[in-house]
Amino acid sequence: ETGVTQTPRHLVMGMTNKKSLKCEQHLGHNAMYWYKQSAKKPLELMFVYSLEERVENNSVPSRFSPECPNSSHLFLHLHTLQPEDSALYLCASSPSKGDTEAFFGQGTRLTVV
Amino acid sequence: LAKTTQPISMDSYEGQEVNITCSHNNIATNDYITWYQQFPSQGPRFIIQGYKTKVTNEVASLFIPADRKSSTLSLPRVSLSDTAVYYCLVRQSGGSYIPTFGRGTSLIVHP
């Protein structure tokens, strides 16, 4: 248990659906991250938030929309996804954006059908 | 960005010591070296971090030579549950660090 909780753990959605992934941390951290991990590929950084402000966006398609309403919660809104978006989506947090130790959640296994 | 190079995979047996070496030839003066462990379908977990010489905790040891161009993660007496992917990371140059992962080393421990 890392203190970072992701829900749901598994999600199957159609290409026309809209869904949201949720991440929650009560570690008092100020930085939160979304990563994508596809099969046999390294983790890809998607978004970084620092003090609820988005500071990094690694050219992620607009069908992925992040939201950080406060420093404890992070969402990833999904709409009109493609089958190739199927992956493990991981949330992480760290005390600040400059810290070297990040705490990861268990991830959401997303399947787009 | 200090690029890291690790072996893609390693095999070991229960009870053996495993050493995984990471090369980071262009590491910057203020960069730290961090190792993570990832089990299948789980998020990575921080294992250990160091700057120079040797660091040891309850999980592993990290050896860093004087030139800091490489580092070695040492896992003593591995068990089947140590089967995982191990990632070596180096702090990005420019100050503001964001954990950036490579392909890591897939360690398989056999009975």
| remark: Within the range A:64-81, the residues that are part of a loop (DSSP other than H, G, I, E, B) and surrounded by 15 or more Cβ atoms within 10 Å (Cβ to Cβ) are A:SER71, A:SER72, A:LEU81
| remark: By residue number, the members of the range B:11-68 that are among the polar types (S, T, N, Q), out of contact with any helix residue (DSSP H, G or I) (no Cβ under 9 Å at 6 or more places or on another chain) and outside any loop (DSSP other than H, G, I, E, B) are B:ASN19, B:THR21, B:SER23, B:THR34, B:GLN38, B:GLN49, B:THR53, B:THR56, B:SER61
| request: Kindly list the number of the only condition in (1) more than 18 Å from A:ALA92 (Cα to Cα); (2) within 14 Å of another protein chain (Cβ to nearest Cβ); (3) hydroxyl-bearing (Ser, Thr, Tyr); (4) touching a Ser or Thr at 6+ places or on another chain (Cβ under 8 Å) that fails for B:TYR51. | output: (4)
| In the range B:21-44, how many are surrounded by fewer than 17 Cβ atoms within 10 Å (Cβ to Cβ) and under 11 Å from the mean Cα position of the chain (by Cα)? | 2
| Can you pull out the residues in the range A:3-57 that are touching a Gly at 6+ places or on another chain (Cβ under 7 Å), touching a residue at least 24 places away in the same chain (Cβ under 8 Å) and not in a strand (DSSP E or B)? | A:HIS26, A:LEU27
| Could you say which residue among A:GLU84, A:GLU101 is in a helix (DSSP H, G or I) and either acidic (Asp, Glu) or more than 11 Å from chain B (Cβ to nearest Cβ) (or both)? | A:GLU84
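Where a number appears in this text, it was derived from the coordinates with a stated rule and is not lab data. Note that this is a predicted model, so its numbers are computed, not measured. Reconstructed Cβ throughout: ideal geometry from the backbone, glycine too, with neighbour counts over all protein chains shown.
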